[in-house]
Amino acid sequence: MSTTGESSLRQLAYSRIEELLNWGRLKPGQVISQRALVETTGLTLSAIREAIPRLEAEGLLQTLPQRGLMVPSLDVTFVREAYQMRRIIELSAIPDMIQRLDRAVIANWLDWHIQARERLGGDDITDLPAFLRELQVYDWQMHADMVDAMENSLIANVYRVTAIKIRMTAQTRVRVTRDNAKRVISEHLAFLNPLLEGSSELAAAALSRHIDQSLTIALGGTVAN
């Protein structure tokens with residue numbers, strides 16, 4: 001196989017394992033063999049082995065000699081460090097968002113959330129789990145796009161890995177419900193509105209509160225909806 005083909009398979013293996021972590025199909029503390037990952041991802045053993053060093057370097061998997069691979073456990077330090085990194089990056093991105101993002105992009109984010117709030121408030125959602133998954137995916141992509149406004153690939157990659165760790169926490173500790181979705185939408189609107197208006201201080205304060213609320217829930221606390 002060519003070098004390009006090997007690289008593509010390695011990236012595909014990484015992406016599929018990343019997907020398993022994002023959606024909680026690989027759980028914190030779980031030990032899994034390389035061959036089990038082959039069966040789960042549908043890829044070759046060599047592709048899985050090629051992807052492992054990167055996953056280890058990013059702190060997403062740990063090798064246990066003679067046992068396999070372990071997903072890191074979610075202790076308090078792990079959770080706090082992930083959220084601290086998120087806070088540093090997202091708040092640092094606010095000036096770049098205001099300067100570089102097309103206002104139409106922010107307006108579209110706002111419109112989507114307003115419509116989502118209306119859908120949640122009505123009785124027209126026939127498949128709530130599907131809607132909650134849609135909200136989760138939209139949430140992830142929006143926050144990534146916010147960071148991409150910095151136009152810094154190094155920061156974007158650190159943020160991507162940090163986001164995976166936070167999703168691992170969320171999939172394990174946070175039960176996504178209608179009420180929780182309403183809270184998230186409200187918190188998003190609270191920072192998107194000043195962001196659209198170009199108010200960095202108000203946007204930063206609201207975004208900081210959103211991150212604080214998420215951290216509290218991740219640590220097992222409760223917040224008002």
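The values are calculated or read from the model by the stated rules, or taken from the named source; none is laboratory data. From a predicted model like this one, the values you see are computed outputs, not experimental measurements. As a convention, Cβ positions derive from the backbone with ideal geometry for all residues, glycine included, and neighbour counts pool all protein chains shown.
One table, with the values for the structure above:
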| read-out | value |
| --- | --- |
| Criterion (in the same structural domain as Ser186 (by TED's automatic domain parsing), among the β-branched types (Val, Ile, Thr) and touching a Leu at 6+ places or on another chain (Cβ under 8 Å)) met by exactly one of Thr169, Thr126 | Thr169 |
| Unique match (being over 16 Å from the mean Cα position of the chain (by Cα), of a type outside the set (Lys, Arg) and within 17 Å of Arg133 (Cα to Cα)) among Thr172, Thr222, Thr177 | Thr177 |
| All positions within segment 61-100 that are farther than 15 Å from Ala204 by Cβ and hydrophobic (A, V, I, L, M, F, W, C) | Leu61, Leu64, Leu69, Met70, Val71, Leu74, Val76, Phe78, Val79, Ala82, Met85 |
| Members of segment 103-129 found to be outside any helix (DSSP H, G or I) and surrounded by 13 or more Cβ atoms within 10 Å (Cβ to Cβ), listed by number | Ile125 |
| All helices (runs of 4 or more DSSP H) inside segment 130-225 with 3 or more residues being touching a residue at least 12 places away in the same chain (Cβ under 8 Å), of a type in the set (D, E, K, R) and over 25 Å from Leu120 (Cα atoms) | none |
| Residue selected from segment 30-82 under the condition touching a residue at least 60 places away in the same chain (Cβ under 8 Å) and in a helix (DSSP H, G or I), by the criterion surrounded by the most Cβ atoms within 10 Å (Cβ to Cβ) | Ala82 |
